[in-house]
Amino acid sequence: MTEFSAKLNSQALNKYTCLINGLKCDASSGETIELICPGTGLPYATIPRCSASDVGKAVSSARTALVSKEWATLSAGQRGERLLRLAELISQNRDHLAELEARDTGKPLSQGYDDIDAAIQYFRFYGGAADKVTGETLPVAVDYLAMTVREPHGVVASIVPWNYPMQIFARVAGAALAMGNTLVVKPSEEACVSVIETASLAVEAGFPAGTLNILTGLGEEAGAALSHNPEVDFITFTGSPDVGVMIQSAAARNHIGCTLELGGKSPQIVFEDADLSKALPVIQDCILKNGGQTCSAGSRVLVHQSRWEETVDTLRSSFRRTVSGQYKDNLDMGPLINASQLRRVNAFCEQAETDGIPLIGEGTIAPDAPTEGYYTTAKVYGPVPVDHSLALDEVFGPVLSLIPFRTEDEAVRIANGTPYGLVAGLWTKDIARATRVAKAIRSGQVFVNTYGAGGGVELPFGGVGKSGHGREKGFEALKEFSVLKTIVVSHA
Ligand code: NAD
């Protein structure tokens, strides 16, 4: 046990606060929500349960900050410097934040570190990019000078899920603040403490009061109030498709734009010439990471029939070797986030077994994993019929579905056969086929002989269809978090 986890375990309930207008505060009602540790099933911290009136305060503090001398007069480069300073402060607190993230979400500590490192990278990337955003000049007619400039939306509301609190917060905050917006962030009531602590570091990094506000609470209370607030100029939401629909209608009522990053049922296609020794470890890792609670998890593996037996045999033995356990033991997987997520994942598996879908391989749970924690095993099923819920619906758990195919056309048809379209992986040595299929697949990202590219801070990310719309990450996010204005000057 590290010194920090010993300290955490020795305390009763850590009390976390919001950050509004640069000040730490409780909900105006004084009400709190208990955070449950997924590894033990026990409460370990409280966060404020904010209401619509707290949302109002946070949004008006962001609006005041937007036009304040401290923020509005900073150059893009000065905003970038503050982001770089924040990256440095996160880096100095890396061990502490990684442990917080792992304990809060249940993911193995090494993945907690990966998430903090990704957050550092986001703030570095957007710190460096802030003063590289340019407009264009447009050759309209001889007596005019026409140009485009990018301006901030204004107050951006960000609603963050529990699976990658720190990464998703950092990718939004980095890009939105780089462009000169101010922010009100509502992280998830299931896991959010890394975000709360990082907000305090932002104050230390020199972000003026009100530029970054953190407001905790329930989705249907604080989240709904934030998405309906008429003083918000743009919403970015990452979470479930159902809530995405609510966010989009709230944005429509206020005539503002929104970015929706929703779920996925991402296919990985293993063609007959795939290098299985390279493909299968990556495929397994992608579904085990964060216990499969990853929107871009490659949860459907389409396998050419000529490689079926080999794939099944390899995954059977490698899945059997996987172990789930406590975050600090750094095993293959931690627990799922909560009891309802565990029930949901188990229900998918029970249905598959009732429907006679073969369970190819299954991992184990470490004997010392607390029985009240939300642990489950990694499972691989196949062949899964293409119309079964395991092949169509997002399980959001460590469950891999194998689907056989015979031809390239059939593989593309199956890959495009769900309402989602977030990421796809192609495993083949044939560059012409890889290019053809990459063009035919309906999704926001396609990887060839790799998957995810280590998070890819630089790579535009987002979906089509039920996976959402808009792009985050990379330079594209700077466009998403800004408005293009055309200015035309007559000099006749
Ligand atoms: P969720 O939609 O229940 O919650 C996400 C956030 O929305 C939380 O902060 C929650 O408090 C808030 N929320 C809930 N109800 C709300 C409402 N009525 N109004 C406003 N806000 C509300 O999703 P979740 O359970 O936290 O996350 C799991 C889902 O998110 C999965 O479907 C997953 O695929 C998706 N996800 C997508 C991405 C992506 O980048 N595409 C990333 C992570 C998670």
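The values are calculated or read from the model by the stated rules, or taken from the named source; none is laboratory data. Keep in mind it's a predicted model, so treat the numbers as computed, not measured. Cβ: placed from backbone, ideal geometry, glycine included. Neighbour counts: every protein chain shown. The accessibility values were calculated without ligands, DNA or RNA, using every heavy atom of the protein model including side chains. Shrake-Rupley method; radii C 1.70, N 1.55, O 1.52, S 1.80 Å.
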Tell me, please, whether a residue that is surrounded by 17 or more Cβ atoms within 10 Å (Cβ to Cβ) and not aliphatic (A, V, I, L, M) can be found in the range 344-354. yes
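Keeping to the range 239-265, report how many residues are open to solvent by less than 10 Å² (accessible area, probe 1.4 Å) and either outside any strand (DSSP E or B) or near the ligand (Cβ under 6 Å from one of its atoms) (or both).
Taking the range 239-265 as the starting set, the residues that turn out to be open to solvent by less than 10 Å² (accessible area, probe 1.4 Å) are 244, 247, 250-251, 259-261, 263-265.
Keeping just the survivors that are either outside any strand (DSSP E or B) or near the ligand (Cβ under 6 Å from one of its atoms) (or both) gives 244, 247, 250-251, 261, 263-265.
Of the residues in the range 239-265, 8 are open to solvent by less than 10 Å² (accessible area, probe 1.4 Å) and either outside any strand (DSSP E or B) or near the ligand (Cβ under 6 Å from one of its atoms) (or both).
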Given the conditions (1) hydrophobic (A, V, I, L, M, F, W, C); (2) more than 14 Å from VAL184 (Cα to Cα); (3) surrounded by 13 or more Cβ atoms within 10 Å (Cβ to Cβ); (4) modelled with pLDDT of 95 or more, report the number of the one that ALA62 does not fulfil. (2)
Filtered residues of the range 163-208 (kept if within 16 Å of the ligand (Cβ to nearest atom) and in a loop (DSSP other than H, G, I, E, B)): ASN163, TYR164, PRO187, SER188, GLU189, GLU190, ALA191, CYS192
The range 144-162 - residue that is more than 16 Å from the ligand (Cβ to nearest atom) and of a type outside the set (A, V, I, L, M, F, W, C) and, of those, farthest from ASN254 (Cα to Cα): TYR144
Among the residues of the range 393-400, is there at least one that is within 16 Å of the ligand (Cβ to nearest atom), without any contact (Cβ under 8 Å) to a residue 24 or more places away in the chain and within 30 Å of GLY325 (Cα to Cα)? no
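Suppose the filter is in contact with a helix residue (DSSP H, G or I) (Cβ under 7 Å, 6 or more places away or on another chain), open to solvent by 20 Å² or more (accessible area, probe 1.4 Å) and over 29 Å from ARG320 (Cβ atoms); does ARG406 pass it?
On the way: in contact with a helix residue (DSSP H, G or I) (Cβ under 7 Å, 6 or more places away or on another chain): yes; open to solvent by 20 Å² or more (accessible area, probe 1.4 Å): yes; over 29 Å from ARG320 (Cβ atoms): no.
So ARG406 does not fit the description; no.
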With the checklist (1) buried (at least 24 other Cβ atoms within 10 Å of the Cβ); (2) more than 25 Å from ASP114 (Cα to Cα) in hand, flag the one item ILE287 doesn't pass. (2)
Residue check, THR46 within 21 Å of PRO335 (Cβ to Cβ), open to solvent by less than 50 Å² (accessible area, probe 1.4 Å), touching a Leu at 6+ places or on another chain (Cβ under 7 Å) and at pLDDT 95 or above: yes
Would you pick out the residues in the range 418-443 that are over 22 Å from ASP115 (Cα atoms) and either within 12 Å of the ligand (Cβ to nearest atom) or among the polar types (S, T, N, Q) (or both)? THR418, TYR420, GLY421, THR428, THR435, SER443
Within the range 45-81, residues being outside any helix (DSSP H, G or I), more than 27 Å from the chain's Cα centre (by Cα) and not hydrophobic (A, V, I, L, M, F, W, C) number 3
